[in-house]
Amino acid sequence: EKGGWSSFMAKEVSEEPDAVSNTLRGRLHDGAVVIPELEGLDDLFRDVSRVIVIACGTAAYAGQVGKYALEQWTRVPVDVELAHEFRYRDPVLGPDTLVVSISQSGETMDTLMAVKYARERGAKTLSICNTQGATIPRESDAVVYTHAGPEVAVASTKAFVAQITALYLFGLHVARLRGSLSPVEIADHVVELEAVPGKIAQILEREQPRIEQFAHWMADTRSVLFLGRHVGFPIAMEGALKLKELAYIHAEGFAAGELKHGPIALIEAGQPVFVIVPSPRGSGELHRKVISSIEEISARGARVIAIAEEGDAAVLPQADEVLRIPLAGPLFEPLLAVVPLHIFAMGLATAKGLDVDQPRNLAKSVTVE
Ligand code: F6R
C-alpha cells in the first residue's frame with residue numbers, strides 16, 4: 001500500500017534509511033560482522049582467489065560500488081560484469097572463483113542463467129537478493145538477503161542502497177576470514193555503516209524539497225550528464241539510468257577522468273551536469289581532480305549541479321547548485337550521494353506528469369532473456 005504517498009516510488013525513496021538499517025539488523029555484534037546465513041560456509045569464501053559480480057541494470061551499479069570496498073578490504077580481485085555479457089564470452093571459471101549475483105527480484109532471467117552457467121562450470125555462487133525464496137538464491141550455494149522490503153515501483157531505489165550494504169557486510173565478513181583487516185579496522189567500518197541510515201534521513205529531510213523544486217524548474221531539459229570518479233562513477237551511471245527510465249530524457253554517466261577523452265565535446269552553454277564530488281578528507285588528490293573537471297566544464301558554459309559534502313567550499317565558485325550530503329568515509333559516500341539523484345529523477349518525472357511507478361516499456365522483473 002502507498003499509505004499517504006503520491007507514488008510507491010516516493011514511499012520507497014523515503015524508506016532508503018530503513019532499507020539500510022534492516023539489512024544491517026542482526027548482522028552486527030560489538031563492532032564485528034556476523035552473517036547468520038553464512039555460518040558453516042567459511043570454506044566457501046576463505047580461499048577464493050577471484051570474485052566476479054554479475055547483475056543487470058541498477059544491481060550491476062551496486063556491484064560496481066561494491067568492487068571498490070571488496071578489493072580494498074579483502075585484497076581479492078573483483079570484476080563486475082553484466083550477466084548477459086558474462087555468459088556469452090566463455091569466461092574463465094574454476095573452484096577458486098566466487099560468482100556473486102545481485103538481484104532485487106531474484107528472478108531476472110539473464111542473471112539466473114549466468115548463475116546456472118557459473119555453477120555448471122564449477123564456480124562457487126553467492127546470491128544477494130531482496131526476495132525471500134526466489135529462484136536465484138535457490139540456485140546458489142549461499143545467499144545474503146537484503147531486507148529492503150517489497151519494492152513495487154518498477155525502477156529500483158531502496159533495493160540499491162540495501163544491495164551496497166549487503167555487499168559491504170559480505171566484504172567485512174570475508175576480510176575477517178582472510179585476516180586482511182584487523183578487528184579494529186572492521187569495527188571502524190561498522191561504525192560508518194551504522195551511521196548511514198541517519199545520514200540518508202538527514203538528506204531526505206534537508207534537501208528533498210529543494211531538489212524537487214529544482215527538478216520542477218528543469219522540467220524542459222532535454223539532456224543531463226552525470227560525472228563521478230572512483231565510487232562516484234557508478235553513482236553517476238545510476239543517476240543517468242534513473243533519469244532515462246523515469247523522465248524519458250537523454251542522460252549519460254561518465255567517469256570524470258574520461259571527459260577529455262571525448263565526452264567534453266558534448267559540453268555547451270547551459271548543459272546541465274551533475275558532478276559527484278568526493279570528500280576532500282578522503283583522497284585530496286581525487287577531490288582536486290574532480291574540482292578541476294568542474295572548472296573545465298563550467299569554463300565551457302555547463303550548468304554544474306554539485307553533490308558535495310557539507311562544508312566543502314571548493315565547489316562554490318563554479319557550481320550553480322550544491323546539494324549537500326553529510327560527512328562519511330570515502331567508501332560510504334555512494335550510499336549518500338545516490339539519494340539526491342533518486343529524488344531528482346523522481347521529481348523531474350513528476351514535474352513532467354509521468355507515472356513514476358510504471359515507466360513505459362519496462363517491467364519490474366525481467367523474466368525473459
Ligand atoms: C533500474 C532497474 C533495473 C533493475 C534490473 C535488475 O531502476 O530497476 O535496472 O535493477 O532489471 O533487476 P533485479 O535486481 O530484479 O535483478
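Going by what's in this entry, would L169 be described as more than 14 Å from the ligand (Cβ to nearest atom), open to solvent by less than 10 Å² (accessible area, probe 1.4 Å) and not in a helix (DSSP H, G or I)?
No, not satisfied.
Determine if region 140-150 includes at least one residue that is over 22 Å from the mean Cα position of the chain (by Cα), without any contact (Cβ under 8 Å) to a residue 40 or more places away in the chain and more than 15 Å from the ligand (Cβ to nearest atom).
no
Of A240, A269, A319, A306, which residue is within 30 Å of L354 (Cα to Cα), surrounded by fewer than 17 Cβ atoms within 10 Å (Cβ to Cβ) and of a type in the set (A, V, I, L, M)?
A269
Out of I211, I200, I186, I need the residue that is over 26 Å from V144 (Cβ atoms) and either modelled with pLDDT of 95 or more or not small (G, A, S) (or both). Which one?
I211
Could you please tell me which pairs satisfy a Cβ distance under 7 Å, a separation of 6+ or placement on different chains, a first residue in region 101-130 that is within 11 Å of A83 (Cα to Cα), and a second residue that is assigned to a loop (DSSP other than H, G, I, E, B) and more than 15 Å from the ligand (Cβ to nearest atom)?
From region 101-130, the pairs are A118/L93.
Would you pick out the residues in region 131-150 that are surrounded by 24 or more Cβ atoms within 10 Å (Cβ to Cβ) and out of contact with any strand residue (DSSP E or B) (no Cβ under 6 Å at 6 or more places or on another chain)?
Those that are surrounded by 24 or more Cβ atoms within 10 Å (Cβ to Cβ) and out of contact with any strand residue (DSSP E or B) (no Cβ under 6 Å at 6 or more places or on another chain): T146, A148.
Among the residues of region 60-74, count how many are within 16 Å of the ligand (Cβ to nearest atom) and open to solvent by less than 10 Å² (accessible area, probe 1.4 Å).
Residues meeting the conditions: 5.
Yes/no matrix, rows are residues, columns are (1) touching a Gly at 6+ places or on another chain (Cβ under 9 Å); (2) among the small types (G, A, S):
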site	(1), (2)
D18	yes, no
T23	no, no
G26	no, yes
D30	no, no
P36	yes, no
V53	yes, no
V65	no, no
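Name every residue in region 172-221 that is under 26 Å from P272 (Cβ atoms), touching a residue at least 60 places away in the same chain (Cβ under 8 Å) and among the charged types (D, E, K, R), in order of residue number.
The answer is K199, R206, E207, R210, E212.
The values are calculated or read from the model by the stated rules, or taken from the named source; none is laboratory data. Note that the structure is a prediction, hence the values are computed from the model and not measured. Every residue, glycine as well, gets a Cβ built from its backbone with ideal geometry; the counts of neighbours run over all protein chains shown. Each accessible area value is taken on the protein alone, full model and side chains, heavy atoms only, with ligands, DNA and RNA left out. Shrake-Rupley method; radii C 1.70, N 1.55, O 1.52, S 1.80 Å.
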